Amino acid sequence: MEINLLNTLNEWLLSAGMDADTAGILRFVILITGIALLSYLVNIIAKSILLRVLKVITRKTKTFWDDVLFERKVFDKLSHLAPALVIYYLAPPTLEEYPGWLEIIQSATSIYMLVVVLMVIIAFLNALNTIYQNYEISKVKSIKGYLQVGKIIAYLFITITIIAILIGKSPLLLFTGLGAFAAVLLLVFKDTILGLVGSVQLSANDMIRPGDWISMPNFGADGTVMDINLTTVKVQNWDKTITTIPTYALVANSFQNWRGMEESGGRRIKRSISIDMNSVKFCSPEMLERFRKIQLISEYIDGKEKELQEHNNQYQIDESVVVNGRRQTNLGVFRAYLERYLRRHPQVHQEMTFLVRHLEPTEKGIPMEIYVFSKVQEWAKYESIQADIFDHILASIRLFDLEVFQNPSGSDFRQLGRVSAN
């Protein structure tokens with residue numbers, strides 16, 4: 001049928017008074033124009049009719065994945081194949097008398113279709129990532145690294161196939177010879193390969209997730225993980241700057257992940273104040289009477305005093321010397337006060353580690369450490385709670401005849417100079 005059509009067209013042109021050469025050229029132009037017009041018509045049908053119908057269908061369905069595919073323009077890119085397929089399949093029977101032009105047109109069409117297929121694959125993988133992010137598991141495991149590997153493979157496969165078309169060789173021949181360039185490829189894609197290994201290890205061992213708070217001082221990172229991909233991990237620091245860390249660096253180097261703290265339900269408060277050791281002393285009856293007026297420790301003082309008195313009586317201690325036997329100290333009473341104060345604090349977690357302890361004395365005094373956990377994890381509120389606690393400690397410490405240690409300042413030396421002068 002095609003041959004009859006071509007013969008009929010050729011006879012019609014010759015009958016119009018044209019010579020054979022002119023008729024041949026005009027026939028070629030008419031055939032090319034016809035194929036171009038037909039492919040253009042198919043393109044209009046695919047984009048203006050089929051895509052609109054598909055858009056209506058996807059909006060009416062209850063599933064969301066088809067909407068994502070449409071929004072990511074997977075179907076739009078796929079529609080570009082329609083006119084190319086028309087040219088690819090109509091060219092051989094139509095242009096069989098022009099083998100040179102036929103080879104050029106088919107090669108160009110094949111390359112075009114391969115580029116379109118690559119665009120469709122990339123769009124589909126992007127859509128797949130968007131669909132995956134709608135599931136809860138995406139907060140635990142990221143597939144972005146695997147999708148990027150898929151994109152690299154697609155780029156490599158399509159590129160080699162296009163090169164094979166251009167040089168007129170079989171793609172299998174190029175893929176077979178690719179082994180000779182393996183060493184070069186390893187150097188070129190070294191970071192990508194390391195990133196892939198790192199991404200798999202991070203995911204398999206659940207070392208890091210999007211949304212985790214991590215600290216990695218070597219890279220200046222201290223903030224929330226925004227994105228995990230094949231080659232990099234993006235961290236938004238608390239000062240709103242962005243730090244980019246090579247994926248494999250998180251496997252090869254140490255970093256701190258605060259997820260455990262966030263999942264525990266508490267955030268640690270670990271801070272100490274240094275007390276001047278010269279202010280530590282045994283409690284006199286007058287001091288104990290004054291301390292009893294503090295409601296939090298009134299029962300403690302009575303109970304402790306009874307315990308110590310029974311111990312001293314049992315061992316017949318001579319209480320005329322203050323160091324004999326057991327006695328309460330203002331530092332011990334203050335520590336008991338802090339324990340009870342923190343036990344009643346509404347923002348201190350009572351089910352987690354709870355310590356009020358002395359650390360080893362130093363030349364700067366004896367540190368009194370608070371080691372507890374707040375119920376609030378949010379940074380600003382956590383800092384506010386911690387500040388409130390130590391505001392109270394610093395303000396109340398003088399009520400127990402204790403002094404906070406601090407190095408002498410310029411005003412202290414000036415005051416000492418004035419005293420010496422007088």
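Output the residues belonging to region 197-215 that are more than 15 Å from PHE255 (Cβ to Cβ), out of contact with any strand residue (DSSP E or B) (no Cβ under 7 Å at 6 or more places or on another chain) and surrounded by fewer than 18 Cβ atoms within 10 Å (Cβ to Cβ).
VAL197, VAL200, ALA204
Going through ASN218, ASN253, ASN237 one at a time, which residue ends up being surrounded by fewer than 16 Cβ atoms within 10 Å (Cβ to Cβ), touching a Gly at 6+ places or on another chain (Cβ under 7 Å), not assigned by TED's automatic domain parsing to the domain that holds GLU360 and not charged (D, E, K, R)?
Details: ASN218 fails: touching a Gly at 6+ places or on another chain (Cβ under 7 Å); ASN253 fails: touching a Gly at 6+ places or on another chain (Cβ under 7 Å).
Of the residues listed, the single one that is surrounded by fewer than 16 Cβ atoms within 10 Å (Cβ to Cβ), touching a Gly at 6+ places or on another chain (Cβ under 7 Å), not assigned by TED's automatic domain parsing to the domain that holds GLU360 and not charged (D, E, K, R) is ASN237.
Looking only at residues that are aliphatic (A, V, I, L, M) and not in a strand (DSSP E or B) in region 361-380, which one is surrounded by the most Cβ atoms within 10 Å (Cβ to Cβ)? Don't jump to the end; show me each part of the working.
Initial filter on region 361-380 (aliphatic (A, V, I, L, M)): 366, 368, 370, 372, 376, 380.
Checking which are not in a strand (DSSP E or B) leaves us with 376, 380.
Working: VAL376: 18, ALA380: 8.
Checking each candidate, the answer is VAL376.
Here are some residues: ASP388, ASP401. Which one is out of contact with any strand residue (DSSP E or B) (no Cβ under 8 Å at 6 or more places or on another chain), touching a residue at least 40 places away in the same chain (Cβ under 8 Å) and not aromatic (Phe, Trp, Tyr)? Before you say what the answer is, go through the steps one by one.
Values: ASP388 fails: touching a residue at least 40 places away in the same chain (Cβ under 8 Å).
Every option except ASP401 fails the conditions.
Look at LEU359 and say whether it is farther than 25 Å from ARG290 by Cβ and touching an Asp or Glu at 6+ places or on another chain (Cβ under 6 Å). Full working, then the answer.
Numbers: farther than 25 Å from ARG290 by Cβ: yes; touching an Asp or Glu at 6+ places or on another chain (Cβ under 6 Å): yes.
Yes, satisfied.
Filter region 134-173 down to residues that are in contact with a Lys or Arg (Cβ under 9 Å, 6 or more places away or on another chain) and surrounded by fewer than 18 Cβ atoms within 10 Å (Cβ to Cβ) and give me whichever is farthest from GLU71 (Cα to Cα).
Taking region 134-173 as the starting set, the residues that turn out to be in contact with a Lys or Arg (Cβ under 9 Å, 6 or more places away or on another chain) are 139-142, 163.
Next cut, surrounded by fewer than 18 Cβ atoms within 10 Å (Cβ to Cβ) only: 139-141, 163.
Working: LYS139: 23, VAL140: 25, LYS141: 24, ILE163: 32 Å.
Of everything passing the filter in region 134-173, ILE163 is farthest from GLU71 (Cα to Cα).
Could you go through region 303-315 and let me know if any residue there is surrounded by fewer than 15 Cβ atoms within 10 Å (Cβ to Cβ), within 19 Å of SER272 (Cβ to Cβ) and among the acidic types (Asp, Glu).
no
The values are calculated or read from the model by the stated rules, or taken from the named source; none is laboratory data. Note that this is a predicted model, so its numbers are computed, not measured. With ideal geometry, Cβ positions are generated from the backbone for all residues, glycine too; neighbour counts draw on all protein chains shown.
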